[in-house]
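A short worksheet on the structure shown next.
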Amino acid sequence: MKKINLGCGERYTKGWINLDFNSHHPDVVCHNLLSPFPFHDEEVDVIYNSHFLEHFSREEAKKILTECHRVLKKKGIIRIVVPDLENICREYLKLIDNIEDIESQEKYQWVIIELLDQMVRTEKWGLMNIYWQQIVEKDNQFMIDYINSRMGYDIRQYYTKAELPNASKSQNFNLTKIKTEFLNWYIKLIKNLLPPAYRQSINDNTMLGEKHKWMYDKYSLRCLLQEAQFSHIRFLDATTSNIPNFCNDHLDINLDGTPYRESSLYCEAYK
């Protein structure tokens with residue numbers, strides 16, 4: 001069975017062909033995912049992507065899903081995991097309805113960041129990283145637990161790994177990493193050549209693929225899949241799938257069986 005993990009980032013596993021724009025590991029194939037996939041028509045049994053589709057415009061997402069449809073075999077399965085716009089909005093409304101409550105006020109600060117930060121940020125990690133730092137340094141266990149319940153992982157470990165000011169950076173360079181660093185340096189140089197007024201208006205120091213360009217709920221994701229000619233669209237949970245032995249690969253669940261990103265929208269469809 002040929003299984004593809006698109007935009008895998010750091011969440012990849014044996015038994016899958018893991019594809020991403022950049023590769024820092026031998027198990028990940030470097031490929032421009034906005035270009036045709038390196039597979040023949042109807043060659044693939046399963047395609048999976050998690051927290052990937054929202055980083056593209058809706059038209060780009062449709063292009064990607066159309067390409068997924070091309071390479072999937074008949075009756076092949078696509079599984080998509082994205083942030084759940086409805087879930088975030090319902091949480092926001094619940095909190096705003098009880099905003100005089102101190103705990104609701106604390107949670108509100110995070111939900112606004114969860115909803116908006118990745119769409120509007122102009123600096124790497126945006127307000128999310130600043131907020132994580134604040135609550136970790138204050139050892140605010142109430143908010144750490146709340147964010148963990150929303151995100152599905154311990155932000156203390158994630159923050160320490162990603163962005164502590166004095167954290168040592170990996171020296172594991174390869175050709176792809178060097179090319180990426182050079183591209184980032186080149187883009188920064190071009191920006192600095194612009195007049196200050198223009199430079200300020202287009203200032204964006206986020207990483208490639210960091211920003212959210214669209215959000216989905218059950219209705220909009222269903223519509224997008226239908227436009228790409230998928231059928232039998234179902235919304236499931238982190239532990240339910242029609243992909244054989246899917247949970248054994250721990251892509252949507254942690255090793256202890258808990259959801260990796262609990263507030264996500266889980267969807268499967270057939271060609």
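The values are calculated or read from the model by the stated rules, or taken from the named source; none is laboratory data. All values reported here derive from a predicted model rather than from experimental measurement. Using ideal geometry, Cβ is built from the backbone for each residue, glycine included, and neighbour counts are taken over all protein chains shown.
Region 22-125 holds strands (runs of 3 or more DSSP E) entirely within its bounds, and those carrying 3 or more residues that are closer than 22 Å to Arg222 by Cβ map to 44-50, 72-83. Selection of region 112-127 for residues being touching a Lys or Arg at 6+ places or on another chain (Cβ under 8 Å) and either surrounded by fewer than 19 Cβ atoms within 10 Å (Cβ to Cβ) or within 18 Å of Asp84 (Cβ to Cβ) (or both) yields Glu114, Gln118, Met119, Leu127. The condition (being within 20 Å of Ala269 (Cα to Cα) and not β-branched (Val, Ile, Thr)) is satisfied by just one residue among Asp27, Asp45, Asp20: Asp45. When the residues of region 251-262 are filtered to those that are touching a Lys or Arg at 6+ places or on another chain (Cβ under 9 Å) and at pLDDT 90 or above, which remaining residue is surrounded by the most Cβ atoms within 10 Å (Cβ to Cβ)? By that ranking, first place goes to Asp252.
Which residue, of Ile113, Ile77, Ile88, is without any contact (Cβ under 8 Å) to a residue 60 or more places away in the chain and of a type in the set (A, V, I, L, M, F, W, C)?
Details: Ile77 fails: without any contact (Cβ under 8 Å) to a residue 60 or more places away in the chain; Ile88 fails: without any contact (Cβ under 8 Å) to a residue 60 or more places away in the chain.
It is Ile113.
Checking each residue in region 229-271 for being touching a residue at least 60 places away in the same chain (Cβ under 8 Å), closer than 16 Å to Leu65 by Cβ and among the polar types (S, T, N, Q) picks out only Gln229. When Gln226 is tested against the conditions (1) in a loop (DSSP other than H, G, I, E, B); (2) without any contact (Cβ under 8 Å) to a residue 24 or more places away in the chain; (3) of a type outside the set (Ser, Thr, Tyr), the lone failure is (1).
Of the set (1) more than 26 Å from Ser149 (Cβ to Cβ); (2) among the acidic types (Asp, Glu); (3) crowded, with 20+ Cβ neighbours inside 10 Å, all apply to Glu227 but (3).
Residues that are loosely packed, with under 12 Cβ neighbours inside 10 Å and under 18 Å from His55 (Cα atoms) within region 23-35 comprise Asn32, Leu34, Ser35, listed in sequence order.
Looking for whichever is of a type outside the set (Asp, Glu) and over 18 Å from the mean Cα position of the chain (by Cα) here; the options are Leu85, Leu127, Leu95, Leu116. Which one fits? Write out each step before concluding.
Numbers: Leu85 fails: over 18 Å from the mean Cα position of the chain (by Cα); Leu127 fails: over 18 Å from the mean Cα position of the chain (by Cα); Leu116 fails: over 18 Å from the mean Cα position of the chain (by Cα).
Only one candidate passes the filter, namely Leu95.
Checking every residue in region 84-91 against the condition of being surrounded by 19 or more Cβ atoms within 10 Å (Cβ to Cβ) and closer than 27 Å to Leu33 by Cα gives at least one match. Any residue that is modelled with pLDDT of 85 or more and in contact with an Asp or Glu (Cβ under 7 Å, 6 or more places away or on another chain) - is there at least one of those in region 133-140? No, because not a single residue in region 133-140 is modelled with pLDDT of 85 or more and in contact with an Asp or Glu (Cβ under 7 Å, 6 or more places away or on another chain).
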